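Visitor: Have a look at this one before I ask anything.
Where a number appears in this text, it was derived from the coordinates with a stated rule and is not lab data. In this text the structure is predicted, and so the values were computed from the model without any measurement. For neighbour counting, all protein chains shown are included, and Cβ atoms are generated from backbone atoms with ideal geometry for every residue, glycine included.
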Amino acid sequence: MPLTLLLRALLFSRSRHLDQFVIELETLFKRKIILFQSGRGALYYLLKTVPQTTVIVPAYTCKVVPEAVLLAGKEVLYADIDLNTFNMDLHDLKRKIRPGSIVLATHQFGIPCDILPILHLAEDHRCVVIEDAAGAFGSRVHDQRVGTFGVASIFSFEFTKVLSSGRGGFILFNEEDLHGKVKSLIEEELQPPDALFLAKIFLILLFHKIVSRPFFYSLFIDYFRKKYGFSMDRGEILPHKNELYQYSFSPFEALIGLSNLKRVETITLRRWNIAKQYMKELSGLQGIGLPVFPQKTFSSLMRFPVRILHQIREAFYSKCLEQGLDMGFSFTYSCSEECPNAILAAQQVVNLPLNSHLTDREVCRIIDIVRKSLR
């Protein structure tokens with residue numbers, strides 16, 4: 001995210017940018033949307049307006065998902081995942097589905113889930129399907145955008161996402177009456193963000209911009225590993241309605257989102273081309289489990305997850321780091337101790353770099369380091 005964009009958004013954002021951002025997203029999806037300060041906030045307000053009391057979610061997911069479910073006053077039921085796609089396992093869902101529940105169909109890391117079979121299964125059990133497309137902006141199933149299959153869906157604009165505005169998210173509605181219910185609810189509960197909160201977002205984005213430079217990043221990652229180890233997130237689910245649930249989306253964030261929306265297709269395609277190169281060059285290697293991209297789908301990837309199979313993940317990560325390659329990690333926890341595949345994923349997954357600014361030469365070097373570290 002260019003520094004000039006941050007400064008322009010901070011100094012020149014206006015309320016009309018909010019309206020423009022909504023119009024462009026609604027034009028893109030051909031459906032109504034409502035903006036929020038976070039994807040978790042979008043999920044919370046959506047769940048507050050549906051009557052079903054049980055929500056089935058994949059056990060390998062961001063902990064803020066069950067947090068939002070619990071805050072909305074619902075019961076969480078966990079289904080295991082498919083280790084090839086990291087999405088909800090259809091067979092386990094069939095075993096656990098309850099009539100009259102909500103199925104949260106997550107497109108994890110941007111990889112589309114089995115949305116069509118999930119819809120059929122839900123219909124047979126009188127269930128409602130909501131899509132968690134937080135990290136899947138631009139993904140498609142049979143040329144149809146994910147998020148447009150269930151009764152509604154949630155997306156995130158958090159700064160690691162393909163389409164980012166620093167913070168934020170939105171609900172995409174496929175049912176008009178649901179849109180009206182959520183709109184009435186947020187008019188009662190949401191407040192405009194104050195100046196201190198917006199300044200915090202600006203500083204977080206500025207910090208991210210600075211620390212992503214090689215010299216500063218090496219200092220940062222050295223400090224981080226000494227203080228926290230592989231991850232600072234232990235997966236504790238502690239429902240708490242913080243500012244990400246309480247504030248509405250701001251013009252500052254809308255202007256950033258509008259600017260990034262213009263180049264999101266370029267970013268998405270570059271990430272996909274990097275992913276294809278990883279798949280080609282790392283396929284067949286011992287000790288690594290590559291993701292499987294379902295047929296007749298397109299994955300707008302937020303992450304490129306791989307599983308480290310024959311050595312301890314942290315040891316593999318250390319080898320890569322010694323050669324100058326850091327890897328983003330995903331969820332180092334399973335939300336349920338009763339889902340063995342989710343537990344395995346939590347122990348094994350690392351993410352290969354997928355930044356759209358990577359050159360072909362840098363991608364080749366990443367592949368070479370991974371090959372060496374697997375030996």
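Visitor: Output ³J(HN,Hα) for region 335-346: one whole-Hz value per residue in order, computed from phi by the Karplus curve 6.51 cos²θ - 1.76 cosθ + 1.60 with θ = phi - 60°, and x for Gly and Pro.
Guide: 6, 9, 7, 9, 10, x, 5, 5, 5, 4, 4, 4
Visitor: Moving to a separate point now. With n ≥ 4 as the cut-off for DSSP H runs, can you work out [θ] at 222 nm for the chain, using -39500 (n - 2.57) per run divided by the number of residues, rounded to the nearest 500?
Guide: It lands at -14500 deg cm²/dmol.
Visitor: Dipole magnitude of the chain about its Cα centre, charges +1 at Lys/Arg Cβ and -1 at Asp/Glu Cβ only, in debye to the nearest 20? Mind showing how you got there, number by number?
Guide: Details: 45 positive and 38 negative charges, 222 e Å.
Using Cβ point charges on Lys, Arg, Asp and Glu, the chain gives about 1060 debye.
Visitor: Can you list residues whose amide H is under 5 Å from Val103's amide H, if they're 5+ apart or on another chain and H is modeled 1.01 Å from N?
Guide: It is Ile56, Val128, Val129, Ile130, by chain and number.
Visitor: Could you tell me what % of all Cα pairs in region 307-374 have separations over 15 Å?
Guide: 55
Visitor: Taking a 23 Å limit on the Cα-Cα distance, which of the listed pairs Lys96/Lys296; Lys48/Lys183; Lys30/Lys96; Lys161/Lys262 fall beyond it?
Guide: Lys96/Lys296; Lys30/Lys96
Visitor: Among Thr332, Leu309, His91, whose Cα lies farthest out toward the positive end of the dipole of the chain, if unit charges sit on the beta carbon of Lys, Arg (+1) and Asp, Glu (-1)?
Guide: Final value for the positive-end residue is Leu309.
Visitor: Check the straight Cα-Cα distances from Lys372 and name the aspartates and glutamates below 12 Å, setting aside those fewer than 8 residues away within the same chain.
Guide: Here the aspartates and glutamates satisfying the reach criterion relative to Lys372 are Glu322.
Visitor: In a shell of Cβ-Cβ distance under 9 Å around Ile81, excluding Ile81 itself, what net charge do Lys and Arg (+1) and Asp and Glu (-1) give?
Guide: Surrounding charge for Ile81 is -4.
Visitor: Okay, next question. For a quick check of your reading of the filter: which trypsin sites (Lys or Arg not before Pro) in region 264-319 sit in a DSSP loop and have no more than 13 other Cβ atoms within 10 Å?
Guide: Values: sites: Arg270, Arg271, Lys276, Lys280, Lys296, Arg303, Arg307, Arg313, Lys319; in loops: Lys296, Arg303.
Hits after loop and neighbour filter: Lys296.
Visitor: Now for a different question. Using only the alpha carbons, work out the radius of gyration and Dmax of region 120-195 in angstrom.
Guide: Radius of gyration, then largest Cα-Cα span, for region 120-195: 14.5, 49 Å.
Visitor: Okay, next question. Treat each spin label as a single point 7 Å out from the Cα along the C-beta direction, and report the Arg263 to Lys94 distance in nm.
Guide: Going by the 7 Å Cα→Cβ label model, 4.6 nm.
Visitor: What net charge is computed for the residues neighbouring Leu206, neighbours being all others with C-beta under 13 Å from the C-beta of Leu206, Lys and Arg scored +1, Asp and Glu -1? Don't jump to the answer; show the numbers that get you there.
Guide: Working: positive: Lys200, Lys209, Arg213; negative: none.
Net of charged neighbours comes to +3.
Visitor: Express in % the proportion of alpha carbon pairs of region 3-189 at distances exceeding 31 Å. Could the numbers behind the result be given before it?
Guide: On the way: 2496 of 17391 pairs.
For region 3-189, the fraction of Cα-Cα distances above 31 Å is 14 percent.
Visitor: So what's the net charge close to Phe304: Lys and Arg +1, Asp and Glu -1, counting the other residues with Cβ under 11 Å from its Cβ?
Guide: Around Phe304, the charge tally is +3.
Visitor: Now for a different question. Per residue of region 269-281, what does 6.51 cos²θ - 1.76 cosθ + 1.60 with θ = phi - 60° give for ³J(HN,Hα)? Whole Hz please, x for Gly and Pro, Karplus curve as stated.
Guide: Once θ is set to phi - 60°, the couplings for region 269-281 become 5, 5, 4, 5, 5, 5, 4, 4, 5, 4, 4, 5, 7 Hz.
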